Amino acid sequence: MTVPNLITILRIILVPIFIIYMINNRTSASLVIFLIASVSDALDGFIAKVFHQKSNLGAHLDPLADKILLMSAFIILAIFKMIPSWLAVLTISRDVIILLGVLVLYLNDYPVKINPSLLSKATTCIQVATIIVVLSNDYIDITFLGMYPFWLAAIFTIASGLQYIRSGLIILSQGVNSNFT
């Protein structure tokens, strides 16, 4: 068990705490937990690279932890009408499609090396930023932003989802063991 994997597990453990704070209408505490979880994502990646602690478990666990955190945040924020429900459906649909794609490749004996593309990383950053902006509304007046953060998150989510679908179809059609980016 590496330090980055322990940090990733911590991020997963923070998700129910984030949800409980949201349910109890403690937006400030939810923001703090979400910020800690977001920073831990960057921290575990940094430690894994700098201290050569990359692992096969971490390669699969880290993106899964991201999906659990983001899906939970988008669902709870949509339930509380803090974000448009269509954005939650869009982001969750993308993640479900990605997970199903990995499963299809795995079941067809195509070993999948998880290697997020630059677009995928940018999408995650924009989704995280959108959630932080929404949760920060008690401290910062974001009404002037209107729907722009939501549309930006949607555009990147769609583009990234299409990129993953394209990569999966190429792997299946060519029968090539390749990166799923």
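Coordinate-derived values only; no laboratory data. Note that the structure is predicted; figures quoted are calculated from it, not measured. Every residue, glycine among them, receives a Cβ derived from its backbone with ideal geometry; neighbour counts consider all protein chains shown.
Details
- Ordering of 30-42, 49-61 by burial proxy (mean other Cβ atoms within 10 Å per residue, highest first): 30-42, 49-61
- The length gained by stretching the chain between Ile170 and Ile23 to full extension, at 0.36 nm per residue less their Cα-Cα distance, is 48.7 nm.
- Sorting the segments 104-111, 132-139 by their residues' average number of neighbouring beta-carbon atoms within 10 angstrom, most packed first, yields 132-139, 104-111.
- FRET efficiency for Ile140 and Val89, using Cβ-Cβ distance with R0 set to 22 Å, rounded to 0.05: 0.25
- Share of pairwise Cα-Cα distances greater than 19 Å in segment 51-145 is 50 percent (whole percent).
- Membrane-span-like helices in the chain, defined purely by DSSP H runs whose alpha carbon atoms cover 30 Å or more axially and whose average Kyte-Doolittle hydropathy reaches 0.5, are 3-23, 27-50, 56-79, 85-107, 148-174.
- FRET efficiency, Phe80 to Ile13 (Cβ-Cβ, R0 25 Å, nearest 0.05): 0.65
- Percentage of interatomic Cα-Cα distances in segment 3-180 larger than 20 Å: 55
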